[in-house]
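A.B. asks: This structure is in structure tokens; I'll ask about it shortly.
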Amino acid sequence: MQLRASKRIAILGLMLESNRFAPVTVKEDYLDRVYLVGDEILTALDRPESELPAEILGFRGAMDAACSWVPEPILVGLVEAGGPLDDGFFRSTMTEMRARLQAALPLDGVYIANHGAMITTKSNDPDSEIFAMVRSIVGPDVPIVATLDLHGNVSQAMVDAADVVVAYRTNPHVDMRARGAEAARALAEIFAGMRPSAALIRLPLVPPTVTLLTAAGPYADLIAYGQTKLDADILNVSILGGFAYSDTAKNGLAIIVTSRSGPAAAQACARDIAHHAWADHLRYVPLLTSLEEAVAQTVAVGNDPTLRPVILADVADNPGGGGQGNTTWLLEALHQAGARGVLLGIFNDAALASEAHALGEGATFEAVFNRSSSDPFSRRFAARATVMRLKDGDCVGRRGFYAGRRMNLGPSALLDLDGIAVVVISLRTQCADPVFFEMMGIDLAAARAVVVKSRGHFRAGFDEFFSSEQVIEVDAPGLTSPILSRFDWKYLPRPVFPIDADFDWQPLSDEDGRLVPLDIAS
């Protein structure tokens, strides 16, 4: 679609997936990763290996193809998943966004690139505050399109403030550029006269993280079913599995349907998908391998070269979900069992990495993991280690989730613990890309077993070495355990599956025809 008129489009976003049980996320966390304002965003847009969220790059490319436009850069922040955002920093960022938006007026449109599962130390729905702030400044007639992670927790206020909300459809997330481009095409349709209507319905279903893969499983089937509903009327179907650990009243699998013809079509489609989802809800129960069994399999693989190599996912200590990337249950158990040929990464311990750099390559010392942590999940563990390789941590993602993205892991070290090679980093990051091992000169194809601090994004990065049949999801303690009954929930709607089991549900409509989020019969 080619449009002649030049358009001025604001670009902004503050991305954070908040785990209520993790340490508070602060300003320095953004400054260590991505926090760009004004023209800094334009510079990053033109950088070959950009640090910007991939959906913004996809939006830019599709807008270039759709019309003559001018990006009005506001503010973009991106950080690894963590605890609630410091509310003072959130308020100052909102003030900065508001001032830059007002200075950019008049605008023809706005693109918001948020995650959707942020909370602050004082607010349980700051994403909707950003959406509402944008709408209050640009007014009711300027179109707003937004993209969200499929782990976003969606409120009605978010849907009401935007014209079109587009969520990722792949997990591991490899479609961010495509979803940004989809948001741009929707915006171009609005410029051409299309008037979208959206319906939201939320189910009393909070899927554990490991049940939200889109290659196979219940969520994959649901995503595929939703996409069969796209036609000349239905513009977009977004099905967000949500992020349990945010622990908010808006938690729950959410369906957003956007129609070109009006609210009735959107509501009917959303209701149909909701019935389909609930009919399958019993499949959202995690099946993990015990720590003991995982260690036994790893030892066996190391001793028998005829067995296929394995990759162990330490799913309960996933930095991509707010984990600290430094639990030692699996490392200690493998070490005590005498496991050989094991690679483990990426372990977040700045003090240990610094000590290794001070000692130098070739040094042997008593490596103390988590020597100064007070986090109950960050248990201390010590073992003799040799410093094999040192790096500054600067790298570019090679495959999957991080592909093409420039990253900084801080001072990093490869330590050999008598058969277990551990990559230690200084800036908490999910182990979703082979480059984190390869930058240390490691040949992953020769590994007998690899342990990753990741929940699922590693699958798109390491699938050239390990098929899904070689993946072991380990049940160990941590801030991102898929066993949701282990957490002390405060705001999660109840009853909710799979924490609660014996109830039924169906979607209804209120007097105005809007879909009611919950109707539960005990």
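A.B. asks: Provide the per residue accessible area, probe 1.4 Å, for the range 280-422, rounded to a whole number of square angstrom.
C.D. replies: 41 Å²
A.B. asks: Give, as a single signed number, the net charge of other residues whose beta carbon lies under 10 Å from the beta carbon of PHE89, with Lys and Arg counted +1 and Asp and Glu -1.
C.D. replies: Neighbour charge sum, excluding PHE89 itself: -2.
A.B. asks: Gap in Å between the Cα centre of the range 285-328 and the Cα centre of the range 405-469?
C.D. replies: Result: 13 Å between the Cα centres.
A.B. asks: Run lengths n ≥ 4 of DSSP H only: what is the helix-derived mean residue ellipticity at 222 nm for the chain, with -39500 (n - 2.57) per run over all residues, to the nearest 500?
C.D. replies: That comes out to -8500 deg cm²/dmol.
A.B. asks: Report the semi-axes of the equivalent ellipsoid for the range 124-169 in whole Å, largest first, where each axis is √(5λ) for an eigenvalue λ of the Cα gyration tensor.
C.D. replies: Over the Cα atoms of the range 124-169, the semi-axes work out to 18, 12, 7 Å.
A.B. asks: Report, to two decimal places, the Cα Rg of the range 265-331 normalised by 2.2 N^0.38 Å (N = number of residues).
C.D. replies: 1.79
A.B. asks: Still on this structure: Taking the square root of 5 times each eigenvalue of the Cα gyration tensor, what semi-axes in Å does the equivalent ellipsoid of the range 240-378 have, largest first?
C.D. replies: Semi-axes from the Cα gyration tensor: 43, 22, 13 Å.
A.B. asks: Can you give me the convex hull volume of the Cα atoms of the range 398-517, divided per residue and expressed in Å³?
C.D. replies: Hull volume normalised by residue count: 211 Å³.
A.B. asks: Find the percent of Cα-Cα distances in the range 1-89 that exceed 15 Å, and round it to a whole number.
C.D. replies: Percent of Cα pairs beyond 15 Å in the range 1-89: 62.
A.B. asks: How large is the Rg to Rh ratio of the range 377-443 when both quantities use alpha carbon positions and Rh follows Kirkwood?
C.D. replies: Rg divided by Rh gives 0.99.
A.B. asks: What is the ratio of the Cα radius of gyration of the range 1-159 to 2.2 N^0.38 Å, with N the residue count, to two decimals?
C.D. replies: So the range 1-159 has a normalised radius of gyration of 1.01.
A.B. asks: Okay, moving on. So what are the radius of gyration and Dmax for the Cα set of the chain, in Å?
C.D. replies: In Å, with Rg to one decimal and Dmax whole: 23.1, 73.
A.B. asks: If you stretched the chain out fully between LYS122 and ALA192, how much longer would it get, using 0.36 nm times the residue separation minus the C-alpha to C-alpha distance?
C.D. replies: Taking 0.36 nm per residue and subtracting the Cα distance, the gain is 21.1 nm.
A.B. asks: Gain in length, ARG283 to GLU96, computed as 0.36 nm per residue apart minus the alpha-carbon separation, to one decimal in nm?
C.D. replies: Net length gain for the segment: 62.9 nm.
A.B. asks: Here is a further query. Distance from the Cα centre of the range 6-38 to that of the range 91-127, in angstrom?
C.D. replies: 10 Å
A.B. asks: Sequence neighbours fewer than 8 away in the same chain don't count; with that in mind, list the lysines whose C-alpha is under 30 Å from LYS391.
C.D. replies: Reachable lysines: LYS27, LYS453.
The values are calculated or read from the model by the stated rules, or taken from the named source; none is laboratory data. Just so it is clear, the model here is predicted, and its values are computed rather than measured. No Cβ is skipped: glycine too gets one built from the backbone with ideal geometry, and neighbour counts run over all protein chains shown. In case anyone asks, the SASA skips ligands and DNA or RNA and just uses the protein heavy atoms, side chains included. Shrake-Rupley method; radii C 1.70, N 1.55, O 1.52, S 1.80 Å.
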